[in-house]
Amino acid sequence: MKTMKAVVFKGKNKIAVEEVPRPVPRAGEAVIRITTTTICGTDVHIVRGEYPVKPGLIIGHEPVGVIDELGPGLDELYTVGQRVIVGAITPCGQCFYCLNGTHSQCGGGIGGWRFGNTINGAWAEYLLVPDARANLAPIPAGLSDEDVMLCPDIFSTGLSGAESGNIRVGDAVAVFAQGPIGLCATLGAKLKGAALIIAVDVNDQRLKAARSFGANVTLNLKDGDPIHEIKRLTDGRGVDVAIEALGRQDTFENALRAIRPGGTLSSLGVYSGKLVAPYEAFYAGLGDQKIVTTLCPGGKERMRRLMAMIESRRVDLTPLITHQYSLDDIEEALDLFSHQRDGVLKVALYPHGVASRDPAEIVFTGALHKAR
Ligand SMILES: [Zn+2]
Ligand SMILES: [Zn+2]
């Protein structure tokens, strides 16, 4: 049996780099050789035991790679050696939920999220892709792994916050938390035509990044309650759309307090425990407000659209990639990422060694730190 290197979840706060069996594709499935992947905030929750997955599972849900083997039925669509990405969410395209347009809920609640959740994930040398026909998205020629690395989750999720919020041209929008997803939500608000984009965070470096992603006002929570300033900037009304990009009671509450009557709270965060809507911000339930939640849209057509934005240079996400690590150094990378040290935004992980190409060829506008 062929084996591969993979990062395996062993239980709360415990992961290990191990040799495990290499996947073999059945009909309709493909195996890709992972060239680049990354760490998501959700992975941190998983490692800490805050989001339950089975011990023994390979974590990670953001794959960039090359088709290594195709199961029966895919020869006419794809070729071995083709460079592809796969969304973090892998809908089947055929079930009740997919055919009702809620692909991320494929098969049932949160069911579309399979990699590193219910099936083995991308922190490995090879990855089995289910329903490959719906999910393998070829990378346009000329784009590097790093160019497209954030499409499977971060860009798709952040942008969906703006899309689900149904932002209209001229809207006032507040985005709460400016981590990688919040920054992509800020970018999404800009792409959707918001006139005023207010970015809120506690980290000045992230607020600075928010400006380059489209925010025209930044508010640091350390300077006091942001709602007063948000109301002042919107003639006392509040914003048309607030995007929550962290998954905590306080950010949810602030986002609710920030929207005007009839406004929309578009929630992207992953919450734990009970969530409370305070009486006044909720207008006793009579404020004509909308609260919408979104799980990262996946599938190859979504990925094609996101990559088209990058290929046409409408969007450049490489400033978000601040660090590079070999997959062997996952512990170090996770430690840095989870503690937000050294100005980290996103970490590129390379299962086959650091950097898929010479970093000198990659034009980074952000600070790039290469490990070892
Ligand atoms: Zn994620
Ligand atoms: Zn489905």
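The values are calculated or read from the model by the stated rules, or taken from the named source; none is laboratory data. Remember, predicted model here, so these are calculated numbers, not experimental data. When we count neighbours, we look across all protein chains shown, and the Cβ atoms used for this are built from the backbone with ideal geometry, even at glycine. Just the protein is used for accessible areas: all its heavy atoms, side chains included, with ligands, DNA and RNA removed. Shrake-Rupley method; radii C 1.70, N 1.55, O 1.52, S 1.80 Å.
Remarks
- A simple charge model with +1 on the Cβ of Lys and Arg, -1 on the Cβ of Asp and Glu and nothing else charged puts the dipole of the chain at about 420 debye relative to its Cα centre.
- Build a GNM of the chain with springs between Cα atoms under 10 Å apart, and of Leu74, Leu183, Leu219 the one that fluctuates most is Leu74.
- For the range 142-152, 3J(HN,Hα) computed residue by residue from phi via the Karplus equation (6.51, -1.76, 1.60; θ = phi - 60°) reads x, 9, 7, 3, 5, 4, 10, 4, 9, 5, x Hz, glycine and proline entered as x.
- Antiparallel bridges, percent of DSSP beta bridges restricted to the chain (to nearest 5): 50
- Residue-wise HN-Hα coupling along the range 101-112, computed from phi with Karplus coefficients 6.51, -1.76, 1.60 (Hz; x: Gly, Pro): x, 10, 4, 5, 9, 2, x, x, x, 6, x, x
- For the chain, the carbon plus sulfur part of the accessible surface works out to 51%, probe radius 1.4 Å.
- Cross-link pairs beyond the 25 Å C-alpha cut-off, checked among Lys290/Lys346; Lys14/Lys346; Lys190/Lys231: Lys290/Lys346
- Relative contact order of the range 122-199, defined on C-alpha pairs under 8 angstrom at six or more residues apart (%): 29
- Exposure ranking of Lys192, Lys5 by accessible area [1.4 Å probe, largest first]: Lys192, Lys5
- Listed residues Phe213, Phe96 arranged by accessible area, highest first, probe 1.4 Å: Phe96, Phe213
- Exposure check, 1.4 Å probe, all protein chains in place: His352 carries approximately 80 Å² of accessible surface.
- The mean sequence separation of alpha-carbon pairs under 8 Å and at least six residues apart, normalised by the residue count of the chain, gives a relative contact order of 17 percent.
- Ignoring aspartates and glutamates fewer than eight residues from Lys5 along the same chain, the ones with Cα atoms less than 13 angstrom from its Cα are Glu18, Glu19, Glu125, Asp328, Asp329.
- What the chain shows is 43 Å² of accessible area per residue, with the surface traced by a 1.4 Å probe over protein heavy atoms.
- Close amide H pairs (under 5 Å, H built 1.01 Å from N) link Ala30 with Gly71, Val129, Ala132, residues at least 5 positions away or on another chain.
- Gyration tensor (alpha-carbon) shape descriptor, the range 1-145, a/c threshold 1.5: oblate
- Solvent-accessible area of Glu163 with every protein chain in place, 1.4 Å probe, in Å² to the nearest 10: 70
- Taking amide H atoms as placed 1.01 Å from N in the peptide plane, the amide H of Tyr51 lies under 5 Å from those of Ile46, each 5 or more residues away in sequence or on another chain.
- Computed from phi, the 3J(HN,Hα) profile of the range 161-173 under the Karplus parametrisation 6.51, -1.76, 1.60 (θ = phi - 60°) reads x, 6, 5, 5, x, 6, 4, 10, 4, x, 5, 9, 10 Hz, with x in place of Gly and Pro.
- Accessible-area rank, largest first, for Thr102, Thr42: Thr102, Thr42, with all protein chains present and a 1.4 angstrom probe.
- Annotation for the range 239-318 versus the range 87-164: alpha-carbon center distance of 19 Å.
- Taking Gly193, Gly269, Gly158 in turn, the Gaussian network model of the chain (Cα-Cα springs below 10 Å) assigns the largest fluctuation to Gly193.
- Taking Ile67, Ile259, Ile15 as the candidate residues, the one with maximal mean-square fluctuation in a Gaussian network model of the chain, Cα springs under 10 Å, is Ile15.
- Applying 1/(1 + (r/R0)^6) with R0 = 30 Å to the Cβ-Cβ distance of Glu331 and Thr3 gives a FRET efficiency near 0.90.
- Selected from Val354, Ala162, Pro63, residue furthest toward positive end of dipole (the chain; charges at beta carbon): Ala162
- Mean separation of Cα contacts under 8 Å (6+ apart) over length of the range 263-313, as relative contact order %: 48
- In this structure, the amide hydrogen of Ile15, modeled 1.01 Å from its nitrogen in the peptide plane, lies closer than 5 angstrom to those of Lys10, counting only residues at least 5 positions away or on a different chain.
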